[in-house]
Amino acid sequence: MSQKEFALYIEDLTVSFDGFKAIDSLNLYIDKDELRVIIGPNGAGKTTLLDLICGKTRASAGSIRFKDEELTKKPEHEIVRSGVGRKFQTPSIYENLSVFQNLEVSFPKGRSVFGALSFERTEEVLERVRKVAEEIGLADKLETEAGLLSHGQKQWLEIGMLLMQEPELLMLDEPIAGMSARERELTADLLKRICRNRSMIVIEHDMDFVKQIASKVTVMHQGKILAEGPMDVVQADPKVIDVYLGH
């Protein structure tokens with residue numbers, strides 16, 4: 001395979017915790033501008049995989065390459081700078097700041113303490129905040145205190161905070177957990193919109209939601225890839241039914 005084809009390529013990735021292989025010689029390739037959903041039973045290694053990509057956990061073996069850069073030895077902040085954004089299961093937003101301020105402090109130049117002190121509301125920042133607020137459906141909530149948003153809106157705000165950094169790879173861990181049916185629909189639309197010029201990896205359990213957003217699904221089981229392909233093909237795979245969908 002030529003190095004140029006994929007945004008992200010993971011080869012022979014392994015991580016062991018006390019002799020237990022949480023990720024076991026895993027190979028995964030994500031295309032540019034692809035929205036990939038990863039599914040699988042609890043303990044399959046899905047979240048651990050994201051931890052490895054963003055540098056929160058160190059691999060025991062194997063390689064993770066993103067845009068021709070080897071990520072496995074890089075610290076977390078350098079991986080963020082390379083263009084990787086990650087959202088965890090629980091939203092981490094500044095509850096007492098407005099939506100506008102949450103987005104503003106996420107602008108890359110405002111990241112460090114010194115950056116924040118000398119931070120100016122330039123036209124570039126304002127433009128970016130407005131554009132992202134529009135994308136995440138919170139343009140009319142810019143002055144609202146983040147703590148007053150609904151659960152779904154908080155999740156969108158956090159996605160917006162990542163978008164402020166213009167990541168080329170965005171990773172979301174169960175983005176619709178706890179959302180209302182309407183919020184789920186809006187989130188599906190949101191994810192389809194924002195993956196137009198970036199690659200995305202989404203971990204999700206809700207199969208209806210997966211069907212709405214995924215072009216390709218990867219099923220993990222015991223730290224390995226069990227199956228991969230379009231949702232309808234994966235759903236009909238006897239191995240997948242056996243270990244995951246049948247339960």
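The values are calculated or read from the model by the stated rules, or taken from the named source; none is laboratory data. Quick caveat, the model's predicted, so the values are computed rather than measured. Note: ideal-geometry Cβ built from the backbone for every residue, glycine included; neighbour counts use all protein chains shown.
Quick look at the numbers
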read-out	value
Pairs where the first residue, in segment 88-101, is touching a residue at least 40 places away in the same chain (Cβ under 8 Å) and the second is surrounded by 15 or more Cβ atoms within 10 Å (Cβ to Cβ) and assigned to a loop (DSSP other than H, G, I, E, B), C-beta under 6 Å, 6+ apart	Gln89/Glu174; Val99/Leu138; Val99/Leu142; Val99/Thr144; Phe100/Leu142
Flag for Lys192 being in a helix (DSSP H, G or I), surrounded by fewer than 16 Cβ atoms within 10 Å (Cβ to Cβ) and either under 13 Å from the mean Cα position of the chain (by Cα) or in contact (Cβ under 8 Å) with a residue 60 or more places away in the chain (or both)	yes
Which numbered condition Arg58 fails, given (1) surrounded by 16 or more Cβ atoms within 10 Å (Cβ to Cβ); (2) out of contact with any His (no Cβ under 9 Å at 6 or more places or on another chain)	(1)
Any hit, segment 17-28, residues being surrounded by fewer than 16 Cβ atoms within 10 Å (Cβ to Cβ), basic (Lys, Arg) and not assigned by TED's automatic domain parsing to the domain that holds Ala133	no
Selected residue (criterion: modelled with the highest pLDDT) from residues of segment 209-247 that are in contact with a Pro (Cβ under 7 Å, 6 or more places away or on another chain) and assigned to a helix (DSSP H, G or I)	Val243
Lone unmet requirement of (1) at pLDDT 95 or above; (2) assigned to a loop (DSSP other than H, G, I, E, B); (3) not charged (D, E, K, R); (4) not assigned by TED's automatic domain parsing to the domain that holds Glu174 for Phe100	(2)
Evaluation of Ala146 against (1) assigned by TED's automatic domain parsing to the domain that holds Asp51; (2) surrounded by 20 or more Cβ atoms within 10 Å (Cβ to Cβ); (3) farther than 29 Å from Ala7 by Cβ; (4) not charged (D, E, K, R) (one fails), failing number	(1)
Enumeration of residues in segment 161-188 that are surrounded by fewer than 16 Cβ atoms within 10 Å (Cβ to Cβ) and out of contact with any helix residue (DSSP H, G or I) (no Cβ under 9 Å at 6 or more places or on another chain)	Ala181
Single unsatisfied condition, Pro167 versus (1) closer than 16 Å to Arg86 by Cα; (2) out of contact with any Pro (no Cβ under 8 Å at 6 or more places or on another chain); (3) assigned to a strand (DSSP E or B)	(3)
